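What follows is one structure encoded as structure tokens, with my remarks underneath.
Computed from the coordinates by the stated procedures, all read-outs in this text should not be read as laboratory data. Since this is a predicted model, take the numbers as computed values, not measurements. Because the Cβ atoms are built from the backbone with ideal geometry, glycine has one as well, and the counts that use them run over all protein chains shown.
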Amino acid sequence: MLKTTPDESVAAHELGTVLFFQRRYDESKMVCEELLRQDPQFVRAQNGLGAIARVRGRYFDAVEHYSLVIESCPNSALAHYGRGVSYFHVGSSREPKPT
């Protein structure tokens, strides 16, 4: 569906963003996850998952989501900012060691 009607993916992402700002994180996460299931390269949805993880205090998850965005879009200021804030909260400015 997203490939044939890409405007619908943008509209769905905007819905996810509105839900995020309403602090309806579970619903926003479901929208982002569905968008990524339909198009794994939809970086806006990946950024959304990073933001949701960050506001929930799941900083390592946030770093992972933001890093995926940066791999695809190295100039994404939003992803760099979100990842930096997440690193700040874990007290490190370098990659976390896997556990």
Inter-site label distance for Asp26 and Tyr81 at 7 Å from Cα along Cβ, in nm: 2.9 nm
Charge dipole (debye, nearest 20) of segment 6-90; +1 at Cβ of Lys and Arg, -1 at Cβ of Asp and Glu: 420 debye
Cut-off 15 Å between beta-carbons: net charge of the residues surrounding Gly48, Lys and Arg +1, Asp and Glu -1: +1
Relative contact order of segment 6-90, defined on C-alpha pairs under 8 angstrom at six or more residues apart (%): 21 percent
Rg followed by Dmax, in Å, when segment 6-90 is reduced to its Cα trace: 11.9, 37
Ascending count of other beta-carbon atoms within 10 Å, so fewest first, for Phe60, Phe20: Phe60, Phe20
